[in-house]
Each structure stands twice: as structure tokens, then as C-alpha cells.
1. Highest GNM mean-square fluctuation, chain B, Cα pairs closer than 10 Å: which of B:114, B:36, B:24?
2. How charged is the neighbourhood of residue A:79? Take every other residue with its Cβ under 10 Å from the Cβ of residue A:79, and add Lys/Arg as +1 and Asp/Glu as -1.
3. Rounded to two decimals, what ratio of Rg to Rh does the protein assembly as shown give with C-alpha atoms and a Kirkwood Rh?
4. Among all helices in chain A defined by DSSP H, which have a length of 24 Å or more along the axis from Cα atoms plus a Kyte-Doolittle mean of at least -1.0?
5. Taking neighbour counts of Cβ atoms within 10 Å as a proxy for exposure, in what order, fewest first, do B:65, A:116 appear?
6. Can you tell me the Rg and the Dmax, both Å, for the Cα atoms in region A:7-88?
7. Return the lysines within reach of residue A:54: Cα separation strictly under 28 angstrom, same-chain partners fewer than 8 residues apart disregarded; answer none if there are no such residues.
8. Among A:17, B:16, A:67, whose Cα sits farthest toward the positive end of the charge dipole of the protein assembly as shown (+1 at Cβ of Lys/Arg, -1 at Cβ of Asp/Glu, about the Cα centre)?
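Laboratory data are not the source of any read-out in this text; all were calculated from the coordinates shown. All of these numbers come straight from a predicted model, not from anything done at the bench. Here the Cβ positions follow ideal geometry from the backbone for every residue, glycine too, while neighbour counts run over all protein chains shown.
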Amino acid sequence: MALPIEINKYVQYGQVSSFLASLDFRKQNLLAGGAYNSDLPMRLSLVTRIVEWKYEQNANDDTLVNTGNYLYQLCGRYLQQAKLIIANNMPGIIINPATGAQSTLRPIYLQFRIGVTSSPVSVNGVNVTLPVDGENSIVLPLTYILASLEVTLDGVEVPQSDPLQTSYNAIYTNNSATITLANGSTFHNNDLWIISGYQFVAI
Amino acid sequence: MAFTPGFSVAQGLDPTSFTITDTSSGDPNITGRTISLFQSDGSLLGGSAIDWPLSDGNTKTLLGVLTPWDFSLNIMVTWASSSPISGSTYTANEIVTFDGQSNEFAYSLVQQISSNQAMTSITNYLYNLALINSDILNAQRATSYGDQGAAQECLNRIYYFYINRNMFF
């Protein structure tokens, strides 16, 4: 039986995130005078290879759901960039379709725990008010958000508009994106949410 | 037509077993075949060559031979022919490194982490997993350069981690 997640895609994300993390951590280490240390690039690299091995050995192995979700979680902040790299295979000229202006894509990354993380949180210089326990929506008041926000709950990807589980709907405007939980779901204390994506920024 | 000896090796879900496929062609006078599994020290795995009668067809699955752990094997297939004289033989060989059990072990460790991420706070857990991962890759690299001994050493190191896993993980 097919698995509920696409392991082959997760493996691709892991492969790209491995070198993105490696580059990123090297830069941060340089800035910290060699004092910055993390095993994330190594962890990404080896988990990606081992999960890929199991996928090639048996693509329907049930245990891949857990290990695949772990790999996805490890990709974290590199996920959006990895998806763009995989989709485009190379950087190119980016035009904001709303303005026609040549732009660059700036990462959006918001991580918070309901009832724990102090509100508001600054994202790319803009304050985002966090939802409280029982609310069902959050507004990102950022301009020209690329309509491809990714949402995870406790490390697991949350689907859009799925009637059978916690899911969300996103409404994008030129000045904001509103994420509303579907199916009567609400935010709960201690839930760890990560919202990531990109916004167009004119250059 | 000249005889062209050849075979291929594949492993399925069972990491202790593998299948050999006879891809040879060209001689209608073949009378029999044997498979020899040479370990890195030159000895035969199982103690003797394995008979592979023509009546078995072109594939033969060797069940449960890779115990207790993975092996790097120099696999030699010998074909006996009645031409040009009775008792003539042809041979083909290939070094094949089986890493299924090593990968299963590494995967089981990743499963443990994915179920309980605090596992990696155990001293050197991640470092030791990285060593295992490195040795799996190095075993295949050694194989591609024909160094069966180095490949087997890599597998032996992983086996050491496996039998002492309570100490390392």
C-alpha cells in the first residue's frame, strides 16, 4: 500500500538541505570565529542517505512514515529554498507578478509555541501577532508573500484543505497572508508551529 | 560461437540472501556450473563450492548464506563444458560487497532517533552512527577499486558496533 507521504520528495529535500545547511553553518562558524558548532549538516546528510536506502529497498515500508517525517523536520528552515532549487534547478531572474518589478525572494520563517513564545514575533522586520489557545487563524502582515507557505505542526507537514485531519486554508493578498485552520481545528497550548515560505522583495 | 561467461548478482528484501543470474551465452556444450564464494581471506564461505545444475535454470537464490553478518565476496562461477575436450571450464568472477544488514542496522538507529530524538543526547550516538554510515560508503568504494579486504574490514567494524550496540547506542 502506498505511504501517505512522498518519501522520494523528502529524500530530494534532504539532499539539497544537506548542502544548504553545510554552507550556512560554515558561514555562521566563520562569523563566530570557529566557536559555532552543530551536527545538523552531518545529521541531514546521513539520515538522507539511510532513508533513501530503505526507500530504494522497499518503497512501501511503513517505518518510512516516521523516518521520512523526521527527515522532513530536519530540513526545517532550508525546505523552501530546497524546493525552489529542485523546481528551478538553477537561479534565474525573478519578477514579482503583482508589480512587474525584478525581485529577489526573501525567506520567511516563523517558529512559535502556542502559549510559550512571546507575541509579537518579528519576521523580516514586521511584527506578527501570535494566536492564543483556542484561536484558529494567524495573519502574516508581510507584503507580496509567494503563495506557497508551508506549515508544520510538531514537525509534521500540515496539508491544505484536507477534510480528514488538521489542515489549513491560506488567503494571500498583496499585504498579508491569513492562515486559517480548517475543520474546526484551533491552536492549542504548547503546540509547536512553523510557518515558512518566501516573499518578493524588489531589487 | 565463442562462449561468453557472465553473471549478475541482486539482493532482495532479505539481507542474508542473494540471487545470481547466469547471463552467459554462446556454448551449447555446457554440462554444469558451480558457484564459489571466496571470502577476503581466500577461504570459501560455506566450506565448498555450490553446485548449480543446468536444470535449476538461469537464476539461483542462495538463502541465508550471509550470516552472521554482511560479507564482501569474490564470487566465481565456473562452467564445465564438453568442448573442446571433456572437462573444459570457463570462469567469471566479480567482487560483490553485501551491505544489507549494515544498512538495516543504520536504519534501525535512525528509526530510534525519529521515535525519540533525545536518543542523540547519548554520548557519541550520532558520531558512531556517522562512522557506520561512513563505513558502508567506504565498503562500496573499496569494492569499486577491487579491494575486497578493505571492504570486509569496513563491514567488520560495523559488525563490532552491532554486537556491542548496547555499549555504543
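1. Highest fluctuation of the listed residues: B:114.
2. Working: positive: A:77, A:83; negative: A:150, A:157.
That sum, taken over residues with Cβ under 10 Å, equals 0.
3. Working: Rg = 27.3 Å, Rh = 24.6 Å.
Reported Rg/Rh, Kirkwood definition of Rh: 1.11.
4. Helices meeting the criterion: A:7-31, A:40-57.
5. Working: B:65 16, A:116 11.
Listing B:65, A:116 from fewest to most nearby Cβ atoms yields A:116, B:65.
6. So, for region A:7-88, Rg and Dmax equal 13.6, 46 Å respectively.
7. The reachable lysines, counting only those whose Cα sits under 28 Å from residue A:54, are A:9, A:83, B:60.
8. Farthest towards the positive end: A:17.
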